[in-house]
Amino acid sequence: MATTKLMLGAVAVAAALGLTAGAALAAHHFTGTWKVKDTAGTDFEIVLADDGTASASREGEGLRGKWTEKDNTAVITWDTGWTTKIAKDGNTYKKTAFEGDTKKNSSDAEKVK
């Protein structure tokens, strides 16, 4: 009886870990490198890492920040105070940049890596 309870407990823990890992992987479909345009229309790349960090390299500027997924949107909070969102728009993705609550720019977003 004790062995059966122990085995059932182990199976329950394994199932819970499997579901948690699956959910974590599903939440990270945004992880990778995204090609977008800045407010001047210049191409640059945003990198979203598995650990929740974000980076981007625009000409003469290295951006750092954190990202999370909220409502099927990658929400990036930059160390500059700006926020960038990458969201699915039909069969494509769109990047929208905000300075505070003010929308400053929108462009296509293409996952390249």
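The values are calculated or read from the model by the stated rules, or taken from the named source; none is laboratory data. The shown structure was predicted, so the numbers you read here are calculated from the model rather than taken from an experiment. Glycine gets a Cβ as well: all are built from the backbone with ideal geometry, and neighbour counts include every protein chain shown.
Filtered by the rule that a residue be surrounded by fewer than 18 Cβ atoms within 10 Å (Cβ to Cβ) and under 18 Å from residue 68 (Cα atoms), the stretch 36-48 gives 45, 47. Within the stretch 60-89, if we keep just the residues that are assigned to a strand (DSSP E or B) and among the charged types (D, E, K, R), the residue that is surrounded by the most Cβ atoms within 10 Å (Cβ to Cβ) turns out to be 85.
The sole residue among 38, 108 that is among the charged types (D, E, K, R), at negative phi and modelled with pLDDT of 95 or more is 108.
Here residue 57 passes the criteria (1) at pLDDT 95 or above; (2) assigned to a strand (DSSP E or B) except the one numbered (1). Among the residues of the stretch 51-86, those identified as within 12 Å of the chain's Cα centre (by Cα) and either within 17 Å of residue 112 (Cβ to Cβ) or in contact (Cβ under 8 Å) with a residue 24 or more places away in the chain (or both) are 54, 55, 67, 69, 74, 76, 84, 86. Within the stretch 90-106, track down each residue that is within 15 Å of residue 34 (Cα to Cα) and surrounded by fewer than 17 Cβ atoms within 10 Å (Cβ to Cβ). Those that are within 15 Å of residue 34 (Cα to Cα) and surrounded by fewer than 17 Cβ atoms within 10 Å (Cβ to Cβ): 92, 94, 106.
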